[in-house]
Amino acid sequence: MSIPQQQWFDICTIDDILPSMGRCALFNEQQVAIFRIIDKHGQEQLYAIDNYCPFSHSNTLSRGLTGSIANKVVVASPLYKQHFELTTGLCLEDGDVSVKTYPVRLNGTTVQLAA
């Protein structure tokens, strides 16, 4: 049995996303929030989650504040302040709620998402 390979799509350049900030992009007809995070060791990581906040019913997560809670990289919803873990999409305040995460990578200076 062969494992299908992911197909990667160009979204933006790394310079389109400020460090420690998010950026909204349209991907497969969905709004996706892409975050460029610099960890405490100076390493840069990219994360991608749905931009849709299930609490406020709005596409606003890309505008949330990023940080860490208990060694988890999170974004706080800008309206109601729930924290979503960027690696899993899980809401820290309500474990029954999560947002979709997307595979993301940097290819040269191009940020790509996988379908």
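The set of residues in the range 60-85 being within 15 Å of Ile37 (Cα to Cα), exposed (fewer than 14 other Cβ atoms within 10 Å of the Cβ) and either hydrophobic (A, V, I, L, M, F, W, C) or in contact with a Leu (Cβ under 6 Å, 6 or more places away or on another chain) (or both) consists of Ile69 alone. Restricting the search to strands (runs of 3 or more DSSP E) fully inside the range 1-92 and requiring at least 1 residues that are free of Cβ contacts under 8 Å to residues at least 60 places away in the same chain and polar (S, T, N, Q) gives 30-38, 44-50, 65-69.
Can you tell me which residue is farthest from Asn59 (Cα to Cα) among those in the range 93-111 that are in a loop (DSSP other than H, G, I, E, B) and among the small types (Gly, Ala, Ser)? This residue is Gly108. Which of the following residues is surrounded by fewer than 18 Cβ atoms within 10 Å (Cβ to Cβ), aliphatic (A, V, I, L, M) and at pLDDT below 95: Ile14, Ile38? Residue meeting the stated conditions: Ile38. Go through the range 45-59 and give me each residue that's surrounded by fewer than 22 Cβ atoms within 10 Å (Cβ to Cβ) and over 25 Å from Leu106 (Cβ atoms). Pro54, Phe55, Ser56, His57, Ser58 - these are the residues of the range 45-59 that are surrounded by fewer than 22 Cβ atoms within 10 Å (Cβ to Cβ) and over 25 Å from Leu106 (Cβ atoms).
Assess whether Ala33 counts as being within 22 Å of Glu93 (Cα to Cα) and either touching a helix residue (DSSP H, G or I) at 6+ places or on another chain (Cβ under 8 Å) or surrounded by fewer than 15 Cβ atoms within 10 Å (Cβ to Cβ) (or both). It is true that Ala33 is within 22 Å of Glu93 (Cα to Cα) and either touching a helix residue (DSSP H, G or I) at 6+ places or on another chain (Cβ under 8 Å) or surrounded by fewer than 15 Cβ atoms within 10 Å (Cβ to Cβ) (or both). Scanning the range 17-30 for residues that are among the small types (Gly, Ala, Ser), modelled with pLDDT of 95 or more and either under 10 Å from the mean Cα position of the chain (by Cα) or exposed (fewer than 14 other Cβ atoms within 10 Å of the Cβ) (or both) returns a single hit, Gly22. Scanning the range 86-115 for residues that are surrounded by 12 or more Cβ atoms within 10 Å (Cβ to Cβ) and at positive phi yields a single hit, Gly89.
The values are calculated or read from the model by the stated rules, or taken from the named source; none is laboratory data. Since this is a predicted model, take the numbers as computed values, not measurements. Positions of Cβ are generated from backbone atoms using ideal geometry, with glycine treated the same way; all protein chains shown enter the neighbour counts.
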